[in-house]
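The values are calculated or read from the model by the stated rules, or taken from the named source; none is laboratory data. All of these numbers come straight from a predicted model, not from anything done at the bench. Methodologically, a virtual Cβ is constructed for each residue, glycine included, from the backbone with ideal geometry; neighbour enumeration extends over all protein chains shown. Only protein heavy atoms, including side chains, enter the accessible area calculation; ligands, DNA and RNA are left aside. Shrake-Rupley method; radii C 1.70, N 1.55, O 1.52, S 1.80 Å.
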Amino acid sequence: MKALLCKEFGPPETLSYEEIEDPVLKEGHIIVDIHSASVNFPDVLMIEDKYQFKPPLPFAPGGEASGVISEIGDGVEGFNVGDRVIASSGWGSFAEKILVDPNALTIIPDQMDHNTAAAFLMTYGTSHHALKDRADIKEGESLLVLGAAGGVGLAAVELGKAMGAKVIAAASSEEKLQTCKEHGADEVLLYPSGKMDRDQQKKLSDDIKELTNGQGADVVYDPVGGDYAEPALRATAWEGRYLVVGFAAGDIPKIPLNLALLKGCQIVGVFWGAFKGREVEAHNANVDELLKLYGDGHLKPHISSIYSLEEGSKAISDLAERKARGKVIVQVRA
Ligand SMILES: NC(=O)c1ccc[n+]([C@@H]2O[C@H](COP(=O)([O-])OP(=O)(O)OC[C@H]3O[C@@H](n4cnc5c(N)ncnc54)[C@H](OP(=O)(O)O)[C@@H]3O)[C@@H](O)[C@H]2O)c1
């Protein structure tokens, strides 16, 4: 089969498109013929050896995919050859086939196409878990989303709206903000794309407060970190919840803890990958809820680019270079 391989750690252009052996079926496992894979920020980090999970070299990146089950090992129940599935594999999806544990599979509803399915689970799963389980967001509360046109960000915008929040989408370009408006944001906020000085950070806090009647945001969804985190925490409301989702800007912020005291607010960690492993029933219920929201037309995954497997390094570059809006797809089969 064809695969896009990380043979040594480095930037996306070092990935190598190659012919490799097909995976061999094992007891208790399933082989999926991949149709589409999507890029998530962990793929950017993994190929540079900057992520917490470190697959042995060589490996194909790509943490999630959609496809069709082609082979089923002994001892597997509940799946059939021909089932359309999302595979949450962690890595290995930039390839024509993948061997997976059945626990990594979710059946795709009939009305969802393969590209949408590949773009769906990690972003919406993360943002849903964050807003519902970690922030306990309430109808009528204000929600500030940083990096709001990114993968998890745009999912948070749509889910915030579906949960009845007033959504303020913050991002680094007018084009990104336009995408956020198209996906339901009530208000948009442009922030600088480079390093921010003290005055720019204060302006960001002031702008957020202005959009929330001087109160600050009830919930802040932060997948960006860096210079954006402290101004956003300074503009968090009394008894607000500040969701620590990720650090796409690169730097892990060091936060003055007196801010949490002064606001009576919570700084709450979000780790969807651990949640779905530790709380399987709650995760499965969340997936059912998400698929219903999709079926009812509340969620519309946005795909900004589609690349072939051979060009898959460009898909990862789109995220690394801050160009992506919503999701970027690597289409393995037409
Ligand atoms: N906690 C969890 O369970 C969980 C699950 C999934 C993902 N994550 C994390 O969430 C973050 C976002 O993931 P994603 O897949 O949504 O990524 P993404 O689509 O690339 O979105 C990241 C956003 O961050 C902003 N950003 C700011 N500085 C950046 C920089 N130097 N390089 C790239 N982007 C930058 C960009 O928006 P602007 O240009 O508008 O600032 C971009 O849209 C990552 O840190 C990822 O590891 C966490």
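Please give the contour-minus-distance gain from D199 to N80: 0.36 nm per residue of separation, less the Cα-Cα distance, rounded to one decimal in nm.
Working: separation 119, 0.36 × 119 = 42.84 nm, distance 5.90 nm.
Answer, rounded to one decimal: 36.9 nm.
Which of rounded, prolate, oblate describes segment 93-148, given a ≥ b ≥ c as roots of the alpha-carbon gyration tensor eigenvalues and a/c under 1.5 marking rounded, otherwise prolate only if a/b is larger than b/c?
prolate
Filter the cross-link list K209/K254; K161/K209; K7/K176 down to pairs whose alpha-carbon distance in this structure exceeds 26 Å.
From the list (K209/K254; K161/K209; K7/K176), the Cα-Cα distance tops 26 Å for K7/K176.
Determine the calculated [θ] at 222 nm for the chain from helices alone, applying -39500 (n - 2.57) to every DSSP H run no shorter than 4 residues and normalising by the residue count; nearest 500 deg cm²/dmol.
Helix-only estimate at 222 nm: -9000 deg cm²/dmol.
Can you send over the carbon and sulfur percentage of the accessible area for the chain, probe radius 1.4 Å, protein chains only?
For the chain, the apolar C and S fraction of the accessible surface comes to 49 percent.
Report, for the chain, the % of DSSP beta bridges that are antiparallel, rounded to 5.
Close to 55 percent.
Quick one: which residues, 5 or more positions from L309 or on another chain, have an amide H under 5 Å from its amide H? H modelled 1.01 Å from N in the peptide plane, none for Pro or chain starts.
Q331
Restricting to segment 122-273, compute how many DSSP beta bridges are antiparallel as a %, nearest 5.
Numbers: 0 of 20 bridges.
If we restrict to bridges inside segment 122-273, about 0 percent are antiparallel.
Report the Cα-based extents of segment 122-273 along its three principal axes, largest first, to the nearest Å.
Result, largest extent first: 33, 32, 32 Å.
Residue farthest toward the positive end of the dipole of segment 92-168, with Cβ of Lys/Arg at +1 and Asp/Glu at -1: which of N103, H129, G160?
G160
Accessible area per residue of segment 126-173 at 1.4 Å probe, in Å²?
Per-residue value: 25 Å².
Given H placed 1.01 Å from N in the peptide plane, which residues other than close sequence neighbours of K327 have an amide H under 5 Å from its amide H?
The list, which skips near neighbours in sequence, is H302, I303, S304.
On the Cα set of the chain, report Rg and Dmax in Å, please.
Using the Cα atoms of the chain, the pair Rg, Dmax is 19.9, 63 Å.
Rounded to whole Hz and in sequence order, give me ³J(HN,Hα) for segment 311-317 from the Karplus expression 6.51 cos²θ - 1.76 cosθ + 1.60, θ = phi - 60°, writing x for Gly and Pro.
Rounded to whole hertz, the list is 9, x, 4, 5, 5, 5, 4.
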